[in-house]
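Quick notes on the structure that follows.
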Amino acid sequence: MHCGLCLPTCPTYDATKVERNSPRGRIALMRAIADGRLEATRAFADEMYFCLGCLACMTACPAGVNYAELFENARAEAEESGTLRTPARSALRAATLGWLFMDLRRLQLVALAIRWWQETGIQAAARRCGVLRLLPRRWRELEAMTPQIQPHFSADLIAPVTPAAGTRRYRVALLTGCAQDPMFSNVNRDTAEVLAQNGCEVLTPPEQNCCGSLHAHNGELLLAQELARRNIDQFPPADFDAIISNAGGCGSHLKHYARLLADDARYRARAELWDAKVKDVHEWLAFIGLQAPASRRLPPQTVTYHESCHLRHGQKIFAQPREVLRAIPNLKLVELAESDWCCGSAGIYNLLQPAMAGQLLERKLDRIAATRASTVATANPGCLAYLAAGMRRRGLELRLVHPMTLLAEAYRA
Ligand code: SF4
């Protein structure tokens, strides 16, 4: 259609006003390659990595263009072309996508090292005494963004089987995520508690796999397929009423295993059932009927809600998290202007494109500060970590939480 209705919703087009940086421009490039009119050049690969993959264009598009699928295949094409390949880049991708995130015990070892650096006070001392100023600027920026590692991993906080409080109505599996586990194991624990309070028996195996969204969004479709197969084997979808994710980005990818495994005759049928069973936790609670917390002892709080792009645009879930928040006694929800505009985190985009990501973060923090809320709720580990780093840098002293944490606190009260 080329209607251009996606253009005003695209953060990179909004920043540059260059057609090539818009969804319509990128689709034209993809089409030119598919039609054999253009080679997958370096400029094409750079453009695909300049896209945030926020999927706001999909919400705007009246023709139902599946940009998410185009984007994943375009990045895979960019990787296959080899135009971005350098020894350092290949080594970094092999170490992270090919090794670290393929076995989460390795990621936990890295997290333990960061936890040691933080808990011993070395990080605070290094920041205070100024020794970090000796590092190159980009390294200093990366150090400032180091996420806080939780004192315990999810397996230490959540039993493999959490019984339902009262009568068991459902049996669900809880996915604890890759980076979500060391950074936000408390959110996983809160999610398990909330599900139990709502009549769910929750299975949370201590050893789990990454969902593969990082791989799929960065052109590693074969690795993403391998992780999808492992997840389907570990959580046979026929055994559960639902397979629960509390991370917007992961959930959006987890719901498309059938597309990823469409050519795999052994897994295709199970992948279709898997897609039907994967639910975002807010979506699931709204579906089964949330048991509203009864406590009146909670202190009053004013909360604003930032929407994870892949929860809003990928999964089209926007009413349910607000319903969850409004069900909490003494909680006043104030709407955030541009709540569905990307915060710049976008998976590892903030590491690869710090200038563009930083602009979006500042814009988001301006909008958050304008609400005068004391708490910001958001349902994606990437957004939580990136907003936390931005708030620290700006000195914004707001509480930043996942909606499940607020709900779990209400039940405990
Ligand atoms: S992707 Fe959709 S909204 Fe964007 S130009 Fe094409 S038809 Fe229009």
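The values are calculated or read from the model by the stated rules, or taken from the named source; none is laboratory data. Quick caveat, the model's predicted, so the values are computed rather than measured. Every residue, glycine among them, receives a Cβ derived from its backbone with ideal geometry; neighbour counts consider all protein chains shown. Protein only, heavy atoms only, side chains kept; ligands, DNA and RNA dropped before computing areas. Shrake-Rupley method; radii C 1.70, N 1.55, O 1.52, S 1.80 Å.
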For Ala78: the one exception among (1) within 14 Å of the ligand (Cβ to nearest atom); (2) crowded, with 21+ Cβ neighbours inside 10 Å; (3) of a type outside the set (Lys, Arg); (4) at negative phi:
(1)
Residues of the stretch 338-352 being hydrophobic (A, V, I, L, M, F, W, C) and either open to solvent by 40 Å² or more (accessible area, probe 1.4 Å) or touching a Pro at 6+ places or on another chain (Cβ under 8 Å) (or both), in sequence order, are Trp341, Cys342, Ile348, Leu351, Leu352
Which one of Thr83, Thr9, Thr16 is within 21 Å of the chain's Cα centre (by Cα) and either surrounded by 13 or more Cβ atoms within 10 Å (Cβ to Cβ) or closer than 22 Å to Leu214 by Cβ (or both)?
Thr9
Suppose we filter the stretch 20-53 for residues that are in contact (Cβ under 8 Å) with a residue 12 or more places away in the chain, within 16 Å of the ligand (Cβ to nearest atom) and among the charged types (D, E, K, R); how many remain?
4
Identity of the residue in the stretch 86-113, part of a loop (DSSP other than H, G, I, E, B) and over 28 Å from Ala43 (Cβ atoms), that ends up least open to solvent (accessible area, probe 1.4 Å)
Asp103
So Ala258 ticks every box in (1) open to solvent by 40 Å² or more (accessible area, probe 1.4 Å); (2) farther than 30 Å from Leu360 by Cα; (3) touching a Phe, Trp or Tyr at 6+ places or on another chain (Cβ under 8 Å) but one. Which box is left unticked?
(1)
Which ones in the stretch 1-15 are at pLDDT 95 or above and within 6 Å of the ligand (Cβ to nearest atom)?
Cys3, Gly4, Leu5, Cys6
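Restricting attention to strands (runs of 3 or more DSSP E) lying wholly within the stretch 148-262, give those where 3 or more residues are over 16 Å from the mean Cα position of the chain (by Cα).
Here the list reads 170-174, 200-203.
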Residue that is surrounded by the fewest Cβ atoms within 10 Å (Cβ to Cβ) [pool: residues in the stretch 56-70 that are part of a helix (DSSP H, G or I) and more than 8 Å from the ligand (Cβ to nearest atom)]:
Glu69
Is it the case that Gln353 is more than 19 Å from Leu396 (Cα to Cα) and touching a residue at least 40 places away in the same chain (Cβ under 8 Å)?
yes
Of the conditions (1) out of contact with any Gly (no Cβ under 6 Å at 6 or more places or on another chain); (2) in contact (Cβ under 8 Å) with a residue 24 or more places away in the chain; (3) not small (Gly, Ala, Ser), the single one that Phe318 does not satisfy is (2)
Given (1) part of a helix (DSSP H, G or I); (2) open to solvent by less than 30 Å² (accessible area, probe 1.4 Å), where does Arg270 come up short, assuming only one miss?
(2)
Identify the residue in the stretch 37-55 that is among the hydrophobic types (A, V, I, L, M, F, W, C) and not in a helix (DSSP H, G or I) and, among all such residues, is most open to solvent (accessible area, probe 1.4 Å).
Leu38
Restricted to the stretch 155-175, and to residues that are farther than 17 Å from Leu285 by Cβ and touching a helix residue (DSSP H, G or I) at 6+ places or on another chain (Cβ under 6 Å), which residue is surrounded by the most Cβ atoms within 10 Å (Cβ to Cβ)?
Ile158
